[in-house]
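Participant: Pasting in a structure now, in structure tokens, and then I'll have a few things to ask.
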Amino acid sequence: MALLEIKNLQVRVEEREILHGLTLTIDAGKVHAIMGPNGSGKSTLSHVIAGKPGYEVTGGEILFKGEDLLAMAPDERAAKGVFLAFQYPVEIPGVATMTFLRTALNAQRKARGEEEYSTPDFLKKVREISKQLSIPQDMLKRGVNVGFSGGEKKRNEVLQMALFQPSLCILDEMDSGLDIDALRIAADGVNALRSPERSMVVITHYQRLLNYIVPDVVHVMSKGRVVKSGGKELAHELEASGYAQFEDAA
Amino acid sequence: MPAVQETVDRVRRIDVDQYRYGFETVIESEKAPKGLSEDTIRYISGKKNEPDWMLQWRLEAYRRWLTMQEPTWARVDYPKIDFQDLYYYSAPKPKKQLSSIDEIDPEILKTYEKLGIPLREVAILEGVEPVPGAGSPETRKIAVDAVFDSVSVATTFKEELKKAGVIFMPISEAIREHPELVQKYLGTVVPTSDNFYATLNSAVFSDGSFVYVPPGVRCPMELSTYFRINERNTGQFERTLIIADKGAYVSYLEGCTAPQRDENQLHAAVVELVAHDDAEIKYSTVQNWYPGNSEGVGGIYNFVTKRGDCRGNNSKISWTQVETGSAITWKYPSCILRGDNSRGEFYSIAISNGYQQVDSGTKMIHLGKNTTSRIISKGIAAGRSQNTYRGLVTAHRKATNARNFTACDSLLIGDKCGAHTVPYIEAKNSSATFEHEATTSKISEDVLFYCVQRGLSQEEAVGLVVNGFVKDVLQQLPMEFAVEAQKLISISLEGSVG
Ligand SMILES: Nc1ncnc2c1ncn2[C@@H]1O[C@H](COP(=O)(O)OP(=O)(O)O)[C@@H](O)[C@H]1O
Ligand SMILES: [Mg+2]
């Protein structure tokens, strides 16, 4: 069954059209990779799905579990299971990571009409996950992403993904700025979250990441459209031949 | 910048109209005749059964005040105050001397209950939301003095404090019971001639708290005073005097609220602190006077003079303030670092929203040798408010090795508000080391979206980011009040409760 259906999506930023009728369907449990050259609109797509202000949708629709996603406020989308792992996670000085995790988790649970986690349950859960991701406890006491290395910031994103258990995870350029060891830890964390109910959208410029997170479907984006879709072998093809062929096709 | 715009709109809509403490209490009261004259002062002094020296002190201040002009240098703007159109004294009936808390008008007790202030001695403030990883919350006793309009209505834990030798009582009582202490210290930090509002206060002050901690005593609990203005057209003029004798320690907190009113109300308090050799006074304020409505109508004019005198060697005075209320705030808690090796600290959070105007800061006056001071100021401006930090740091000729560190950070929410930093620095001694840092930033759209993507509402996100911004200062508050202050900060920016 389709978890996410994007139909003929047209998006403008400051009067300029960036996405020109993008169509994409993602089934539950599948991992889709979106590849494409810089400026092709990958981040724009992820922002529109998450509901970042500043984007004007001029046409098309997005259905999430059959519901009109564009009609929901961004925090409502988060509570319904949309998670975006940012390419550049922001720093929030003075807000301890632990406090942030708890505030966010409880906000989502409250929005879904669920009870808040008790402190011991919450702590237990966070400890478990952070151990798997090799996140030291003292990192959780520091301000959100403040003074974190690139790898630590990405791991913190995966930590939140594991904690919130979203049904749709969008990873925007998770590999950027990571060395191979850091990449492996983050990718292992993501792979551990693969499940028949959870879909993922892995956005990347390079094929490298897809050696660690092996996708079911690969899409190529160019100039605001999906121009080709295929199996995981499409990524290898691209690695060999580059994006130039699609630039013309678009 | 749509996200920021959205925040701005939201903050504008909600803000101050949802002032949580805006209820009025219906009780009978007894007032002085309207207006100010020597007769008004004689009336107040008479009501309090004051000795003649006190009356003469007041009258002298009044005559001085008649010759003074209202200051105009602050960055605040308000219509001229008609000082003859105010009541200077209002006391809840009955007038008979209260001997126990049970004799207090139940309506007043209810008021304090609504404010969440425990006046019964059994009341122990139960800690706080447990911090992840922390042990069980500490429970501590807090002694409270509650001031309603012009009089103190209850002081708790008096007996227990007495055992420790600590005097904590309404200043009106101290004038009668400990005249030698009051006479020795009153007006020695803020002289009656100090400034327009302080002089007015000296003439008409009605009540407030008096604290004396004897040599070598560490006050066994937090002391706290809650002020509430209830009566219409009534000015509130409290006077607080705190003395820590040699080697003593005391931590004191004041909280303030007022009902919603269309007209402006005047509040002109004076606080004097004296720390002798090796003594320490920690003074915290959570100020939440009614700020006026979203159109800028009503609200308290808060013109306050607070000053601490580090009179002895190795003494320390620390001011911490969380200012979220008042239509106009004019307030500069200061330290005179007279004793050698003395230390002054000022930690401030000032939040303005709606049409609030804040002009606040501190003065650190280094007179003794090896004196140090530290200033951490966090200003947050939203709505159409104006938020000014004004600070003075001086080292006198004999203040060798004076050191100051100042950090002033301002955060703007929206583009119709203003933040201003006005530092004055004077070093008459070449060995002084003064450091000053200042930043101004806008609340970041990307940070807000990050929070919202993780499930926080826009308003919760603003509250969280602002609380992070002010964390260094919040940490200076006693733990119970830090939580209260944190909530207050979110409320004053969000308006939506629960
Ligand atoms: N806030 C913005 N304002 C103006 N143009 C933007 C904005 N965000 C993205 N764009 C433009 O949209 C296009 C797609 O950008 P983006 O989605 O970031 O691509 P990708 O992630 O694939 O590199 C680019 O041409 C970029 O310049
Ligand atoms: Mg991108």
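Participant: Looking only at segment B:307-326, which residues are within 13 Å of the chain's Cα centre (by Cα) and open to solvent by 10 Å² or more (accessible area, probe 1.4 Å)?
Facilitator: B:Arg307, the sole residue that qualifies.
Participant: Same structure again: Can you pull out the helices (runs of 4 or more DSSP H) entirely within segment B:406-498 that have at least 1 residues that are within 14 Å of another protein chain (Cβ to nearest Cβ), in contact with a strand residue (DSSP E or B) (Cβ under 6 Å, 6 or more places away or on another chain) and free of Cβ contacts under 8 Å to residues at least 24 places away in the same chain? Can you show your working first?
Facilitator: Numbers: elements: B:445-453, B:458-469, B:471-474, B:479-494.
Because the criterion is at least 1 residues that are within 14 Å of another protein chain (Cβ to nearest Cβ), in contact with a strand residue (DSSP E or B) (Cβ under 6 Å, 6 or more places away or on another chain) and free of Cβ contacts under 8 Å to residues at least 24 places away in the same chain, the helices (runs of 4 or more DSSP H) in segment B:406-498 that meet it are B:445-453, B:458-469, B:471-474.
Here is a yes/no grid of residues against (1) at pLDDT below 75; (2) within 14 Å of another protein chain (Cβ to nearest Cβ); (3) under 30 Å from B:Pro179 (Cβ atoms); (4) surrounded by fewer than 19 Cβ atoms within 10 Å (Cβ to Cβ):
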{"position": "B:Val8", "(1), (2), (3), (4)": "yes, yes, no, no"}
{"position": "B:Ile14", "(1), (2), (3), (4)": "yes, no, no, no"}
{"position": "B:Gly22", "(1), (2), (3), (4)": "yes, no, no, yes"}
{"position": "B:Ile27", "(1), (2), (3), (4)": "yes, no, no, yes"}
{"position": "B:Ser37", "(1), (2), (3), (4)": "no, no, yes, yes"}
{"position": "B:Lys47", "(1), (2), (3), (4)": "no, no, yes, yes"}
{"position": "B:Leu55", "(1), (2), (3), (4)": "no, no, yes, yes"}
{"position": "B:Leu59", "(1), (2), (3), (4)": "no, no, yes, yes"}
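Participant: Among the residues of segment A:57-73, how many are open to solvent by 30 Å² or more (accessible area, probe 1.4 Å) and within 14 Å of chain B (Cβ to nearest Cβ)?
Facilitator: Within segment A:57-73, residues that are open to solvent by 30 Å² or more (accessible area, probe 1.4 Å) and within 14 Å of chain B (Cβ to nearest Cβ) number 2.
Participant: Are any residues in segment A:114-126 more than 9 Å from chain B (Cβ to nearest Cβ) and open to solvent by less than 70 Å² (accessible area, probe 1.4 Å), and if so, which ones?
Facilitator: In the first step, residues of segment A:114-126 are kept if they are more than 9 Å from chain B (Cβ to nearest Cβ); the result is A:114-118, A:120-121, A:124-125.
Those that are more than 9 Å from chain B (Cβ to nearest Cβ) and open to solvent by less than 70 Å² (accessible area, probe 1.4 Å): A:Tyr117, A:Ser118, A:Lys125.
Participant: Answer yes if at least one residue in segment A:48-59 is in a strand (DSSP E or B), over 19 Å from the mean Cα position of the chain (by Cα) and more than 16 Å from ligand 1 (Cβ to nearest atom), and no otherwise. Before you say what the answer is, go through the steps one by one.
Facilitator: Kept after step one, since they are in a strand (DSSP E or B), are these residues of segment A:48-59: A:56-59.
Those still in the list that are over 19 Å from the mean Cα position of the chain (by Cα) too: A:56-59.
This time we only want the ones that are more than 16 Å from ligand 1 (Cβ to nearest atom), so: A:59.
Yes, some residue in segment A:48-59 is in a strand (DSSP E or B), over 19 Å from the mean Cα position of the chain (by Cα) and more than 16 Å from ligand 1 (Cβ to nearest atom).
Participant: Name the residue, out of A:Gly189, A:Gly177, that is of a type outside the set (Lys, Arg), under 19 Å from the mean Cα position of the chain (by Cα), within 16 Å of ligand 2 (Cβ to nearest atom) and over 30 Å from A:Asn8 (Cα atoms).
Facilitator: Numbers: A:Gly189 fails: within 16 Å of ligand 2 (Cβ to nearest atom).
So the residue among A:Gly189, A:Gly177 that is of a type outside the set (Lys, Arg), under 19 Å from the mean Cα position of the chain (by Cα), within 16 Å of ligand 2 (Cβ to nearest atom) and over 30 Å from A:Asn8 (Cα atoms) is A:Gly177.
Participant: Could you check segment A:173-186 and list, in sequence order, the residues that are part of a helix (DSSP H, G or I) and farther than 13 Å from A:Ala162 by Cβ? Break it down into steps so the answer makes sense when it comes.
Facilitator: Taking segment A:173-186 and keeping what is part of a helix (DSSP H, G or I), we get A:180-186.
Residues satisfying the conditions are A:Ile180, A:Asp181, A:Ala182, A:Leu183, A:Arg184.
Participant: Of all residues in segment A:40-56 being open to solvent by less than 30 Å² (accessible area, probe 1.4 Å), away from chain B (no Cβ under 12 Å) and among the hydroxyl-bearing types (Ser, Thr, Tyr), which is farthest from A:Val11 (Cα to Cα)?
Facilitator: Taking the candidates together, the pick is A:Ser40.
Participant: I want to confirm something. Restricting to segment A:90-107 and keeping residues that are open to solvent by less than 10 Å² (accessible area, probe 1.4 Å) and under 21 Å from the mean Cα position of the chain (by Cα), which single residue is nearest to the other protein chains (Cβ to nearest Cβ)? Outline the logic, then answer.
Facilitator: Filtering segment A:90-107 down to residues open to solvent by less than 10 Å² (accessible area, probe 1.4 Å) leaves A:92, A:95, A:97, A:100-101, A:104-105.
Pick out the ones that are also under 21 Å from the mean Cα position of the chain (by Cα) and you get A:92, A:97, A:100-101, A:104-105.
Numbers: A:Ile92: 6, A:Thr97: 10, A:Phe100: 7, A:Leu101: 9, A:Ala104: 4, A:Leu105: 8 Å.
Of everything passing the filter in segment A:90-107, A:Ala104 is nearest to the other protein chains (Cβ to nearest Cβ).
Participant: Looking at (1) away from chain B (no Cβ under 14 Å); (2) within 18 Å of the chain's Cα centre (by Cα); (3) surrounded by fewer than 20 Cβ atoms within 10 Å (Cβ to Cβ); (4) more than 16 Å from ligand 2 (Cβ to nearest atom), which one does A:Glu76 not meet, given that it meets all the others?
Facilitator: If we test A:Glu76 against (1) away from chain B (no Cβ under 14 Å); (2) within 18 Å of the chain's Cα centre (by Cα); (3) surrounded by fewer than 20 Cβ atoms within 10 Å (Cβ to Cβ); (4) more than 16 Å from ligand 2 (Cβ to nearest atom), just (1) comes out false.
Matching residues to (1) within 15 Å of ligand 1 (Cβ to nearest atom); (2) modelled with pLDDT of 90 or more; (3) loosely packed, with under 14 Cβ neighbours inside 10 Å:
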| position | (1), (2), (3) |
| --- | --- |
| A:Met221 | yes, yes, no |
| A:Arg225 | yes, yes, no |
| A:Gly231 | no, yes, yes |
| A:Ala235 | no, no, no |
| A:Ser241 | no, no, yes |
| A:Gln245 | no, no, no |
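Participant: Any residue in segment A:23-34 that is within 9 Å of ligand 1 (Cβ to nearest atom) and open to solvent by less than 10 Å² (accessible area, probe 1.4 Å)? Lay out the reasoning, then the answer.
Facilitator: Within segment A:23-34, the first condition is being within 9 Å of ligand 1 (Cβ to nearest atom), and the residues that meet it are A:34.
Now narrow it down to the ones that are open to solvent by less than 10 Å² (accessible area, probe 1.4 Å): A:34.
Looking through segment A:23-34, at least one residue is within 9 Å of ligand 1 (Cβ to nearest atom) and open to solvent by less than 10 Å² (accessible area, probe 1.4 Å).
Participant: Continuing with this model, one more query. Keeping to segment B:61-92, report how many residues are under 25 Å from B:Gly296 (Cα atoms), assigned to a helix (DSSP H, G or I) and open to solvent by less than 40 Å² (accessible area, probe 1.4 Å).
Facilitator: Residues in segment B:61-92 being under 25 Å from B:Gly296 (Cα atoms), assigned to a helix (DSSP H, G or I) and open to solvent by less than 40 Å² (accessible area, probe 1.4 Å): 1 in total.
The values are calculated or read from the model by the stated rules, or taken from the named source; none is laboratory data. Just so it is clear, the model here is predicted, and its values are computed rather than measured. Glycine gets a Cβ as well: all are built from the backbone with ideal geometry, and neighbour counts include every protein chain shown. Accessible surface is based on the protein model in full, side chains and every heavy atom, while ligands, DNA and RNA are left aside. Shrake-Rupley method; radii C 1.70, N 1.55, O 1.52, S 1.80 Å.
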